[in-house]
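> This structure is in structure tokens; I'll ask about it shortly.
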Amino acid sequence: MYETENDIPQPRRAELNALMNQRLADAVDLQMQMKQAHWNVKGPHFIGLHELFDQIDEAVESYVDLIAERIVQLGGIAEGTVRVAAERSRLEEYPLDIADGHAHVEAVSKALSTFGHEARNTIDQADDLDDAGTADMFTEISRGIDKWLWFVEAHSQATK
Ligand SMILES: [Fe+2]
């Protein structure tokens, strides 16, 4: 770790950064999964889903940046390469052979839900480490993910 005048004690910063690097791996994976869906979706709802998945990709890119930069602010090293993400991500592998809008809605919903679960847990873990800043950042991310999950799931909820 790097020396910093940041007053969060070093051992706690180390724990926070390990936690955030795990979320960073998930977020990098999530971002590329959204692009995978954006590129490959087909069917009658093509244009809406194609554009929605791109919007989610952009939002997730901003979460990636928030997480990575907070790691560095706390004196750590952001481990944000695709190879690290592939090794550590807690998301399920995105199915490569799907095309239909419903299948992508289901796969994207699952990825968002998995990441949302981890983000919500991270709020509490950051709280336990007395870092309101990190907890607040994941509260913002978690709220965003909940919104995107709603946007995606609304495509399959009309028949209920
Ligand atoms: Fe595009």
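The values are calculated or read from the model by the stated rules, or taken from the named source; none is laboratory data. Keep in mind that what you see is a predicted model, and the values were worked out from it rather than measured. Don't worry about glycine lacking a Cβ; one is built from the backbone with ideal geometry, like all the others, and counts go over all protein chains shown. The protein model used for the area step is the full one, side chains on, heavy atoms only, and it has no ligands, DNA or RNA in it. Shrake-Rupley method; radii C 1.70, N 1.55, O 1.52, S 1.80 Å.
> Once Lys and Arg get +1 and Asp and Glu get -1 on their Cβ, which of Asn21, His117, Gly80 lies farthest toward the positive end of the dipole of the chain?
His117
> To the nearest 0.05, how large is the calculated FRET efficiency for Asp128 and Phe46 if R₀ is 41 Å and r is the Cβ-Cβ distance?
Numbers: r = 44 Å, r/R0 = 1.08.
Once rounded, the FRET efficiency stands at 0.40.
> Does the stretch 58-146 classify as rounded, prolate or oblate by the C-alpha gyration tensor (a ≥ b ≥ c root eigenvalues; a/c under 1.5 gives rounded; else a/b over b/c gives prolate, otherwise oblate)?
Prolate is the answer for the stretch 58-146, as a/c is 1.5 or above and a/b outweighs b/c.
> For the chain, report the accessible area per residue in Å² (1.4 Å probe, heavy atoms, rounded to an integer).
Heavy-atom SASA per residue in the chain reads 56 Å².
> Rounded to the nearest percent, how much of the accessible area of the chain (1.4 Å probe, protein heavy atoms only) is carbon and sulfur? List each step's numbers first, then the result.
Numbers: 4430 of 8890 Å².
That share works out to 50 percent.
> Let me make sure I get this right: for the chain, a, b and c are the square roots of the gyration tensor eigenvalues over alpha carbons, sorted descending. Under 1.5 in a/c it's rounded, otherwise prolate if a/b > b/c, else oblate. Which is it?
It is prolate, given that a/c is not under 1.5 and a/b is the larger ratio.
> Sorted by accessible area (1.4 Å probe), largest first, how do Thr159, Thr114, Thr122 line up?
Largest accessible area first, the residues go Thr159, Thr114, Thr122.
> Next question. Would you mind calculating the gained length between Asp146 and Tyr2 on full extension (0.36 nm times residue separation, minus the Cα-Cα distance), in nm to one decimal?
Extra length available between Asp146 and Tyr2 comes to 48.4 nm.
> Which of rounded, prolate or oblate describes the stretch 1-52 when judged by the alpha-carbon gyration tensor and an a/c cut-off of 1.5?
Prolate shape, in that a/c is at least 1.5 and a/b is the bigger ratio.
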